[in-house]
Amino acid sequence: MRLFRRFQLIIARLSATRPGAWFVRTCVQPLDQLVLRVTGGRMGVVSLVYPTLVLITTGARSGVQRRTPLLFLPDGNRVVLVASNFGRDRHPGWYYNLRANPQAQVNIYGHTFTCWAREATGIEYLELWERAVRYYPGFAAYARRARRTVPIVVLDISMPT
């Protein structure tokens with residue numbers, strides 16, 4: 001297990017660099033979307049290293065259904081998402097979609113759940129941020145590069161649909 005954790009940390013450090021973030025965003029993420037679609041969300045490229053889900057939101061302006069693979073932190077009946085957007089200066093599109101339409105769905109390893117999103121604030125934010133950075137150190141590098149407060153979104157999960 002220690003060896004796998006070391007592997008995770010190496011991947012996190014590499015993907016936190018500007019070239020690494022670019023590679024993940026432009027090469028790995030599209031491949032991940034394809035693999036997740038083909039396997040019905042049961043397996044993806046990133047999920048070999050970190051837990052991955054497919055977030056299914058409704059577009060804030062378009063009203064069109066959007067599917068986004070994301071790294072997540074499991075937390076009981078909740079899922080924690082970090083809106084780092086690979087260190088870019090804007091929040092990711094899925095964050096705006098959830099603010100406009102907090103009811104969404106997640107596909108976690110082939111199981112689809114309805115969820116309700118809310119943004120973490122105050123002490124909850126600080127505790128979740130600490131956990132997130134400990135688990136995936138790249139989030140801290142992304143936040144420094146973005147020069148913005150990186151939102152943390154908590155999804156309250158209901159039974160599978």
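The values are calculated or read from the model by the stated rules, or taken from the named source; none is laboratory data. These numbers were taken from a predicted model, which means no experiment stands behind them. Cβ: placed from backbone, ideal geometry, glycine included. Neighbour counts: every protein chain shown. Surface areas here come from the heavy atoms of the whole protein model, side chains and all, with no ligands, DNA or RNA. Shrake-Rupley method; radii C 1.70, N 1.55, O 1.52, S 1.80 Å.
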*Return the single residue from 31, 70, 126 with maximal mean-square fluctuation; model: Gaussian network over the chain, springs between Cα atoms under 10 Å.*
126
*How far apart, in nm, are the 7 Å Cα→Cβ label points at residue 23 and residue 156?*
4.1 nm
*Taking only the C-alpha atoms, wrap a convex hull around region 1-148 and report its volume per residue in Å³ as a whole number.*
119 Å³
*Once label points are set 7 Å from the Cα along Cα→Cβ at both residue 90 and residue 109, what is their separation, rounded to one decimal in nm?*
3.5 nm
*Can you give the helix-only mean residue ellipticity at 222 nm for the chain, where every DSSP H stretch with n ≥ 4 adds -39500 (n - 2.57) and the sum goes over all residues, rounded to the nearest 500 deg cm²/dmol?*
-11500 deg cm²/dmol
_Just to check I understand the Karplus step: with θ = phi - 60° and J = 6.51 cos²θ - 1.76 cosθ + 1.60, what whole-Hz values come out for region 36-47, glycine and proline as x?_
4, 5, 5, 8, x, x, 6, 8, x, 5, 5, 5
_Accessible surface of the chain [probe 1.4 Å, protein heavy atoms]: carbon and sulfur percent_ = 58 percent
*Heads up, I need the accessible area for residue 17: 1.4 angstrom probe, whole protein in place, Å², nearest 10.*
60 Å²
*Accessible area of residue 75, 1.4 Å probe, to the nearest 10 Å²?*
40 Å²
*Accessible area expressed per residue, region 18-160, with surrounding protein chains retained (probe 1.4 Å, Å²)*: 53 Å²
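How large is the charge dipole for region 16-67, taken about the Cα centre, if only the Cβ atoms of Lys, Arg (+1) and Asp, Glu (-1) carry charge, to the nearest 20 debye?
Numbers: 7 positive and 1 negative charges, 33 e Å.
The dipole magnitude comes to about 160 debye.
For region 16-61, rounded, prolate or oblate, judged on the Cα gyration tensor with a ≥ b ≥ c (square roots of eigenvalues), a/c < 1.5 rounded, else prolate if a/b > b/c? Working shown, then result.
Numbers: a/c = 1.99, a/b = 1.20, b/c = 1.66.
Judged from the Cα gyration tensor, region 16-61 comes out oblate (a/c at least 1.5, b/c at or above a/b).
Which value, in debye to the nearest 20, describes the size of the charge dipole of region 1-42 about its Cα centre when Lys and Arg Cβ atoms bear +1, Asp and Glu Cβ atoms bear -1, and nothing else is charged? Intermediate values should be presented prior to the final figure.
Values: 8 positive and 1 negative charges, 42 e Å.
The dipole magnitude comes to about 200 debye.
In debye, nearest 20, what is the charge dipole magnitude of region 93-155 about its Cα centre with +1 on Lys and Arg Cβ and -1 on Asp and Glu Cβ, if you could check? Could the numbers behind the result be given before it?
Numbers: 8 positive and 4 negative charges, 65 e Å.
Once rounded to the nearest 20, the dipole reads 320 debye.
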_With every atom except the alpha carbons ignored, what do you get for Rg and Dmax of region 38-108, in angstroms?_
12.3, 33
_Using θ = phi - 60° and Karplus 6.51 cos²θ - 1.76 cosθ + 1.60, couplings along region 87-92 (whole Hz; Gly, Pro as x)_ = x, 6, 7, 10, 5, x
*asked:* Which one, 59, 39, 72, projects farthest toward the positive side of the charge dipole computed for region 21-119 from Cβ point charges (K/R +1, D/E -1)?
replied: 59
*Quickly work out the residue 121-to-residue 66 label distance, labels modelled 7 Å from Cα along the C-beta direction, and quote it in nm with one decimal.*
2.3 nm
*Of 48, 20, 94, which is farthest on the positive side of the dipole of the chain, counting Cα position, with +1 on Lys and Arg Cβ, -1 on Asp and Glu Cβ, and the Cα centre as origin?*
20
_Calculated from backbone phi, Karplus (6.51, -1.76, 1.60) coupling profile of region 98-107 in Hz, x at Gly/Pro_ = 5, 5, 6, 9, x, 7, 8, 10, 10, 10
*What order do you get for 60-68, 39-47 when each peptide is scored by the mean count of other beta carbon atoms within 10 Å, highest first?*
39-47, 60-68
